[in-house]
Amino acid sequence: MTLDLPLALDLLGVFFFAVSGSLLAARKGFDLVGSVLLGSMVGLGGGVLRDIILADGPPAAFSNPIYLVPPLAAAALVYFTVKNVQRSGRLLFMFDAGGLALFCITGSLKALEAGMTPVAAILLGVTTAVGGGILRDITANEVPKVFDPQDLYAIPALIGAALATGLWHLGWLNLATGTVAAVAVFAMRMLSLRYGWRAPLAARSWAPRLPRRR
Amino acid sequence: MTLDLPLALDLLGVFFFAVSGSLLAARKGFDLVGSVLLGSMVGLGGGVLRDIILADGPPAAFSNPIYLVPPLAAAALVYFTVKNVQRSGRLLFMFDAGGLALFCITGSLKALEAGMTPVAAILLGVTTAVGGGILRDITANEVPKVFDPQDLYAIPALIGAALATGLWHLGWLNLATGTVAAVAVFAMRMLSLRYGWRAPLAARSWAPRLPRRR
Amino acid sequence: MTLDLPLALDLLGVFFFAVSGSLLAARKGFDLVGSVLLGSMVGLGGGVLRDIILADGPPAAFSNPIYLVPPLAAAALVYFTVKNVQRSGRLLFMFDAGGLALFCITGSLKALEAGMTPVAAILLGVTTAVGGGILRDITANEVPKVFDPQDLYAIPALIGAALATGLWHLGWLNLATGTVAAVAVFAMRMLSLRYGWRAPLAARSWAPRLPRRR
């Protein structure tokens, strides 16, 4: 069974990530152009990387102009509605989690539809989901969220990508099950932030005491 | 009507950006090898990204060895002529602006010749023009120039890419009109630096007072 | 004469670089997931870039799951064996040098087998060798090793890539000569670290006194 990749879900993921980029742009004191640009890099970066890796012609973000709408809408939303930039941290985390949740699903799907193996599809789902955020944080000169040891980030994306790939192979993937999977990823990410769920540190012997964030 | 992409203009753009990279390498205290490397990343990075996105075989910078000449020439120029590294800031901005002006034109052109739509061509022109500089500044651990809210950077590139795309569709693009467009982009960028032309900040409500640069 | 690219050597290079990534992850206080991720970025980044530039279908790291083994093994090794993270600096340099030595050889080979010219093959060998490390250091918010003026990094890679390309054209490249070339690159890199071999600075006129590292 194949499933047409729901373009709407992909665009929604772009929008969520673009909002996170525009919020960071606002916090860093960038201007509106920088806001559109950083939002585009975060929202479109992961998908462009995915399409380049799939080696199947120019990335969708360049060949289909509709992909420009979410970053423009995100920059406008942030411009008009954000009242207190310094307190927008929680909002940034929420929109980032939304993008993560959608992209691990749509990224895996696009890879499966391009004929990749399940392992490659999961890998590409994770790459799509974490790629844009890494680009955002590196550009703004911060250590990427995915490397913050105080919560889980890649693990929910990995679980979401594996879920989507499994459902697809069983022929059970549709808008309903895909949405449930995305919501589960989002919830896992937000709960890990709320309750400080952590993975073990990279070296067993070394456990510096880290302060809780916020 | 199609226009042969003037290789000379493309190489000149590579040279300008490469000089900006080698100047930054000198300011950071990198060695001559780092100067060639950073110059290559800035000068060739945007075009390599463009060619990868166009998905039309190996990037020109790798398949045509002549692209290695500008970065080597730029590193040599900086090595032999720069007397006072600390005072080379203005020079760096000028060469960067030269690269920006040429790349938004040649980037759009190459996309149009590859059969991309006008919107995609403009987008790719801007990507080519700002891509190398973002790579340069991230590598040197600085916030990319394109995100500095104290002047305009992406706007002149956008106007240049739109101009080139419009002229191309009208069949009016040639060496003369292309050069005029590039000079206009360069002038707009330099004037925005001189007079502090700014775009509105990313969040309307937040306007920290920023000191004028220099 | 063509030579089958020894997959084992490529995987060994991935492993060396992945260990350097996991060691840096440990030093930065990242968690085990970040260790796998940073190790993957360093170990697979250069090769993915190489395969994207060769424009020959999806990169090997995505289409062949065996490429996931070295980063997982590297993260496990670092997790279980590193006793003193703060003193692992020398180890990080050694594994990084091992990756550099293997990748300049295997990167050139893969380019030659894809039909690239000698110059392009050398260029791509260097790009593969230095690409992953640049990605690693940028992500961890450090100036990339390749730009450290206190020793040689790109020069040994360049010599290794040129050696491999020359040997290949003479029909003399095999496991034995390839290994000798890789060992020579590794030795050159380590000796440059030990004895502080340096290239001239990027600007002749500017020679700030730099302290010896360590």
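Remarks
- Each Cα pair under 8 Å and six or more residues apart adds its sequence gap; the mean of these over the residue count of chain A is a relative contact order of 23 percent.
- Position B:Trp197, label points 7 Å along Cα→Cβ, spacing to each other copy in nm (shortest first, one decimal): 5.1, 5.1
- Of C:Pro118, C:Pro149, C:Pro65, the residue with the greatest mean-square motion in the GNM of chain C, using alpha carbon springs below 10 Å, is C:Pro65.
- Mean per-residue shielding of peptide B:33-44 is 4, counting Cβ atoms of other chains within 10 Å of each Cβ.
- Sequence-distant residues sharing a close amide H with C:Leu201 (under 5 Å, placed H): B:Leu32
- Span-rule helices in chain C, defined as complete DSSP H runs reaching 20 Å or more along the axis (Cα) with Kyte mean at least -1.0: C:7-27, C:32-54, C:89-113, C:118-139, C:154-170, C:175-195
- Sites C:Arg204 and C:Val183 - FRET efficiency at Förster radius 56 Å, r taken between beta-carbons, to 0.05: 0.95
- Over all pairs of different C-alpha atoms in region A:99-214, the reciprocal of the mean inverse distance, the Kirkwood hydrodynamic radius, equals 14.9 Å.
- Label-point separation in nm, B:Leu7 to B:Ala76, each point 7 Å along Cα→Cβ: 1.9 nm
- Selected from C:Gly29, C:Ile52, C:Ala182, residue furthest toward positive end of dipole (chain C; charges at beta carbon): C:Gly29
- Sites B:Thr117 and B:Asn174 - FRET efficiency at Förster radius 22 Å, r taken between beta-carbons, to 0.05: 0.50
- Stokes-Einstein diffusion coefficient of region B:64-166, Kirkwood radius over Cα pairs, 4 °C, 1.567 mPa s, in µm²/s: 87 µm²/s
- Note on the protein assembly as shown: Rg/Rh from C-alpha atoms, Kirkwood Rh, equals 0.95.
- Of the two radii for region A:5-195, the radius of gyration is 0.96 times the Kirkwood radius, both from the alpha carbons; that is the Rg over Rh value.
- Averaged over the residues of B:139-147, the number of partner chain Cβ atoms lying within 10 Å of the residue Cβ comes to 6.
- In plain terms, the chain from A:Glu142 to A:Asp56 could stretch by 27.7 nm, reckoned as 0.36 nm per residue minus the Cα-Cα distance.
- Only helical runs count toward this figure. For the protein assembly as shown, summing -39,500 (n - 2.57) over DSSP H runs of n ≥ 4 and dividing by all residues gives -23000 deg cm²/dmol at 222 nm.
- Most mobile listed residue (A:Ala55, A:Ala97, A:Ala25) in chain A, GNM with C-alpha springs under 10 Å: A:Ala55
- Highest mobility in the GNM of chain C, judged by mean-square fluctuation with C-alpha springs under 10 Å and restricted to C:Gly171, C:Gly13, C:Gly34, is found for C:Gly171.
None of the figures in this text is laboratory data; all of them are computed from the coordinates on show. Small disclaimer: the values here were computed from a predicted structure and weren't measured. Every residue, glycine among them, receives a Cβ derived from its backbone with ideal geometry; neighbour counts consider all protein chains shown.
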